[in-house]
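See below for the structure under consideration.
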Amino acid sequence: MASPVARYPGFSPGDFTPRLFEVETADGIILRGKRYANPGAVPLILIAGICSNGFQYDLAFEECNFALYFARRGYDVWVSNLRGTGREPYKSDGGDFSHCVQDKGIYDVAALVDTAARETGRKPVLVGHSMGSVVSFVYLMGVSYREENGCRRIVPDPALAAEHNQAVVAHISMGGPPCFRWPRDCWHFWAIRNPLTRMWLRGIRMALWRLAASRKQVRAEEATVGLIQRMPRLGPRLFRILFSFFANMRNLSDETFLETALSGISDISMNEAYQFVDAALTGDFLESRAILGDFPGEPHNYTRSIHLVSAPVLFVTGEKDAVNPRTVHDYGFQRVSSMVKDFICCKGYGHIDLLLGLRAREEVFPRIADWLEERCGVEGGYDP
């Protein structure tokens with residue numbers, strides 16, 4: 001089967017010439033992405049969620065293209081692909097796919113921030129959707145690895161956290177889950193707390209733990225594109241059912257939905273998949289290495305460390321988002337230490353459609369741009 005590619009690989013707006021950028025992480029992984037450059041402007045680093053890539057910010061439809069909207073507002077936009085994600089020619093290396101969520105925060109986000117700041121002379125704004133926000137928070141928490149009895153442990157470093165928070169203008173968290181703790185009047189609470197569901201999730205977690213020993217990679221790209229190509233009628237219908245758990249499908253056109261499935265889905269590691277299933281069971285995001293049994297002791301809890309975030313933060317969530325707005329408010333907005341912080345709940349929006357909704361360009365994107373200008377004093381071409 002041919003490698004998965006976007007249906008519109010040559011998409012290029014008339015007012016911008018996309019540039020390929022490459023960034024090397026501290027552990028030797030080459031990240032690639034697309035840049036809509038505005039020389040001298042404030043850089044926006046766009047980071048996609050789990051099983052996703054930069055195309056979710058940059059689909060070939062101008063009415064729902066987050067990257068172009070902000071490039072035209074005057075920002076220097078960096079559409080990044082974290083390790084193992086993307087599409088050629090912007091596909092990032094995946095190494096041996098033994099990585100987990102914390103690797104993307106410790107290595108990938110750090111490399112993107114340092115490179116964008118060095119090349120533009122400006123502090124960047126971090127924009128993360130879903131897991132893209134989680135890994136941005138990992139970076140802002142200032143955690144790092146330390147060798148302990150032959151094993152790598154996560155250690156919090158308040159000094160490094162302060163340095164990382166000073167390195168960015170702000171963080172925009174779009175549907176970013178600080179944890180998976182739903183309120184009791186939400187159906188997700190009862191669905192996840194149900195004994196049968198928890199037994200099923202424990203079975204999946206055990207299967208992922210066993211698979212991680214031999215198969216490092218979850219081949220989501222090949223599975224998605226292969227199903228749609230082989231079953232052009234049934235495949236999209238099946239994916240519509242899947243997407244309905246993460247989006248208000250009334251906000252997505254058929255064309256946008258299909259292009260997202262074909263272009264915006266990327267592989268993840270077994271460790272990442274394990275980490276998210278475990279978070280659904282425990283309620284919090286925990287240190288993956290400890291969860292997988294590499295060493296004894298309590299794993300580092302990222303959810304409890306969110307107070308180390310002190311940079312300005314805008315939390316953007318959807319009224320119908322499975323990442324419940326009250327969860328984001330109570331465990332994210334209320335617990336960060338940021339002096340400048342705000343919370344926006346978009347009526348009628350789910351999770352994915354915060355980026356790709358038919359009216360996101362009019363109803364979501366301007367609220368983010370206005371916040372950056374009004375609360376952070378930052379416009380695209382100006383950084384005080």
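The values are calculated or read from the model by the stated rules, or taken from the named source; none is laboratory data. Because the structure is predicted, anything quoted here is derived from the model rather than measured. When we count neighbours, we look across all protein chains shown, and the Cβ atoms used for this are built from the backbone with ideal geometry, even at glycine. The accessibility values were calculated without ligands, DNA or RNA, using every heavy atom of the protein model including side chains. Shrake-Rupley method; radii C 1.70, N 1.55, O 1.52, S 1.80 Å.
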(request) Select from the range 274-310 the residues that are touching a Ser or Thr at 6+ places or on another chain (Cβ under 6 Å) and more than 24 Å from GLN217 (Cα to Cα) and write down the one among them that is least open to solvent (accessible area, probe 1.4 Å). (result) SER310
(message) Residue under question is SER338, and the condition is that it be open to solvent by 50 Å² or more (accessible area, probe 1.4 Å) and not in a helix (DSSP H, G or I); does it hold?
(response) no
(request) Could you grab the pairs with beta carbons closer than 6 Å, sequence gap of 6+ or different chains, first residue in the range 351-365 and surrounded by 21 or more Cβ atoms within 10 Å (Cβ to Cβ), second one acidic (Asp, Glu)? (result) HIS351/ASP321
(message) So ALA223 passes all but one of these: (1) in contact with a Phe, Trp or Tyr (Cβ under 8 Å, 6 or more places away or on another chain); (2) free of Cβ contacts under 8 Å to residues at least 60 places away in the same chain. Which condition number does it fail?
(response) (1)
(message) Given the criterion open to solvent by 70 Å² or more (accessible area, probe 1.4 Å), touching a residue at least 40 places away in the same chain (Cβ under 8 Å) and at negative phi, identify the matching residue among TRP182, TRP209, TRP200.
(response) TRP209
(message) Within the range 60-116, take every residue that is over 30 Å from LEU252 (Cβ atoms) and β-branched (Val, Ile, Thr) and give me the one that is surrounded by the fewest Cβ atoms within 10 Å (Cβ to Cβ).
(response) THR115
(request) Among what's in the range 302-326 and is in contact with a strand residue (DSSP E or B) (Cβ under 6 Å, 6 or more places away or on another chain) and outside any loop (DSSP other than H, G, I, E, B), pick the residue that is nearest to ARG193 (Cα to Cα). (result) PRO325
(message) Go through (1) outside any helix (DSSP H, G or I); (2) at pLDDT below 95 for SER173 and report which single condition fails.
(response) (2)
(request) Return yes or no: is ASN271 closer than 24 Å to SER136 by Cα, open to solvent by less than 30 Å² (accessible area, probe 1.4 Å) and free of Cβ contacts under 8 Å to residues at least 40 places away in the same chain? (result) no
(request) Considering only the range 117-173, state which residues are more than 24 Å from ASP58 (Cα to Cα) and of a type in the set (A, V, I, L, M, F, W, C). (result) VAL138, LEU140, MET141, VAL143, CYS151, ILE154, VAL155, ALA159, LEU160, ALA161, ALA162, ALA167
(request) Considering (1) surrounded by 13 or more Cβ atoms within 10 Å (Cβ to Cβ); (2) in contact with a strand residue (DSSP E or B) (Cβ under 7 Å, 6 or more places away or on another chain), say which one MET131 fails and leave the rest. (result) (2)
